[in-house]
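We did not get these values from a lab; they are worked out from the coordinates using the rules stated. Keep in mind that this is a model prediction, so the values were computed, not measured. Cβ placement follows ideal geometry from the backbone for every residue including glycine, while neighbour counts extend to all protein chains displayed.
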Ligand SMILES: NC(=O)c1ccc[n+]([C@@H]2O[C@H](COP(=O)([O-])OP(=O)(O)OC[C@H]3O[C@@H](n4cnc5c(N)ncnc54)[C@H](O)[C@@H]3O)[C@@H](O)[C@H]2O)c1
């Protein structure tokens, strides 16, 4: 497996000799970095010391927005395990991944508030909820690319509006709180080069990506102007237990698992050879835990990358483990072709250097855990 796909054609026309020299130096450094992480030490060390995290999170008051959803609920479960005092705020927005069963193992140990960020002022105890928190993990949102193109205004109401209401409330009731938000690789659009680092141009291809770019900017603006301690983690394709399984519009990786468990074909658009960074949800949660612990992340944004693999290989692995279904190719639907970014590979050097984060779950292991979860709890997700 190769983690350095190499640099695709750069946009700027004036690629002079020194540019290409520094690019090839950068490329060499990247290759060494990924080789070191993935080939020599691959999956043999844990990126974080769990005892350190326990010490930090013990008795911390944490709010997880979107905490009934996929990533938010996995994070809330880990926070409870670390001894934190967790409040979940979720609007159970129709069509998204909110599911009360997601927090079954911790339901008696968290404070659950059902409410929409857009209507925060309607929550009677809003001031109390917000002002008492040490950290907020802001995971409320939607990331349906196709839906956002069909209904851009609705996406704005789901993505931008609630986040401004939320930031205004934080500024008012808890200006010292640390906030880690979930950004997305979609903020970059079609890569000019791979792996994509944080300096890459931000040219989203779909409305939802543009809205998350705006939301990240709101967060960083509230830091610059009001001093709110915000940070954004730009996530890639994430899979694992507790993702909704009713439709493919909020992420396709788990959808592949559903199709295979149902013995149905998994359709891949085009050749299916597009590479993506796949990330197991526990690795993503670790990135959030580490980012909130460090003061140096304030006002920053980080790529959270994963394991680079083609959609076809990922789907093939799903079918191999489950032993049902098959992978087929299909022509791209027109509306999807327009917003297809092609290969994506994140450069996550920055988060590794600053926080020691790295993904440590192989796709095989991550998929096994995911499949086991849905075989057992299918009734709550189908
Ligand atoms: N899953 C991925 O692959 C991925 C990739 C990139 C970015 N992200 C981002 O990570 C975050 C979490 O994603 P997820 O996969 O867990 O999604 P999810 O749909 O499983 O969970 C999102 C949760 O947020 C809640 N929510 C949404 N808008 C809300 C609002 N206005 N007020 C209160 N609650 C609201 C929903 O009810 C849902 O429970 C999202 O912001 C998403 O854009 C996810």
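Taking a ≥ b ≥ c as the square roots of the eigenvalues of the alpha-carbon gyration tensor, the stretch 117-222 is classed oblate because a/c is 1.5 or more while a/b is no larger than b/c. What separates the Cα centres of the stretch 245-276 and the stretch 359-382 is a distance of 14 Å.
Give me the base-10 log of I(q)/I(0) for the stretch 105-177 at each q in 0.20, 0.22 Å⁻¹, Debye formula, one uniform scatterer per Cα, rounded to two decimals. The Debye formula, applied to the Cα set alone, gives -0.92, -1.03.
For the stretch 175-270, the mean projected area of the C-alpha convex hull, equal to one quarter of the hull surface, is 8.3 nm².
Using only Cα coordinates, the Kirkwood hydrodynamic radius of the chain works out to 21.3 Å. Residue ranges 300-309, 368-377 sort as 300-309, 368-377 when ordered by packing (mean number of other C-beta atoms within 10 Å per residue, highest first).
Which of the peptides 249-261, 233-245, 354-366, 107-119 is most tightly packed, and how do the rest follow, going by the mean number of other Cβ atoms within 10 Å of each residue? The partial results should precede the final answer.
On the way: 249-261: 21.8, 233-245: 23.9, 354-366: 19.0, 107-119: 15.6.
Ranking, from highest mean packing down: 233-245, 249-261, 354-366, 107-119.
The packing ranking of peptides 165-172, 52-59, highest mean first, is 165-172, 52-59, where packing means the average number of other beta carbon atoms within 10 angstrom of each residue. When only alpha carbons are used to place a centre, the stretch 297-331 and the stretch 131-173 end up 26 Å from one another. Spacing of the modelled spin labels on residue 104 and residue 61, each 7 Å from Cα toward Cβ, amounts to 3.2 nm. The convex hull defined by the C-alpha atoms of the stretch 78-134 has an orientation-averaged projected area of 4.6 nm².
Which shape class applies to the stretch 39-183: rounded if a/c is under 1.5, otherwise prolate when a/b exceeds b/c and oblate if not, where a ≥ b ≥ c are the square roots of the Cα gyration tensor eigenvalues? Since a/c reaches 1.5 but b/c is at least a/b, the shape of the stretch 39-183 is classed as oblate. Take every Cα pair under 8 Å whose residues are at least 6 apart in sequence, average their separation, divide by the length of the chain, and the relative contact order is 18 percent. Set the Förster distance to 30 Å, then compute FRET efficiency between residue 262 and residue 295 from the Cβ-Cβ distance, nearest 0.05. E(calc), rounded to 0.05, equals 0.05.
Can you tell me, using C-alpha contacts under 8 Å and at least 6 residues apart, the relative contact order of the stretch 211-286 as a whole percent? Numbers along the way, then the final one.
Values: 49 pairs, mean separation 23.9, N = 76.
Value for the stretch 211-286: 31 percent.
An oblate overall shape is assigned to the stretch 287-343, the ratio a/c of its alpha-carbon gyration tensor axes (a ≥ b ≥ c) being 1.5 or greater and a/b not exceeding b/c. Compared with the direct C-alpha span, the chain from residue 350 to residue 364 gains 2.4 nm at full extension, assuming 0.36 nm per residue. Comparing 339, 88, 180 in a Gaussian network model of the chain (Cα springs below 10 Å), the most mobile by mean-square fluctuation is 339. Per residue, the average separation of C-alpha pairs within less than 8 Å and at least 6 apart gives the stretch 87-196 a relative contact order of 29 percent. With Cα atoms as the point set, the stretch 203-249 shows a radius of gyration and Dmax of 14.4, 41 Å.
Hey, for a label at residue 121 modelled as a point 7 Å past Cα toward Cβ, could you say which residues of the stretch 166-182 have their backbone N under 20 Å away? Label zone hits: 166-175. Legend: calculated FRET efficiency, residue 269 to residue 164, from the Cβ-Cβ distance at R0 = 41 Å, rounded to 0.05, equals 0.75. Convex hull volume of the Cα atoms of the stretch 283-380, normalised per residue: 165 Å³. Can you tell me the FRET efficiency between residue 335 and residue 172 if r is taken as the Cβ-Cβ distance and R0 is 51 Å, rounded to the nearest 0.05? Computed FRET efficiency for residue 335 and residue 172: 0.80.
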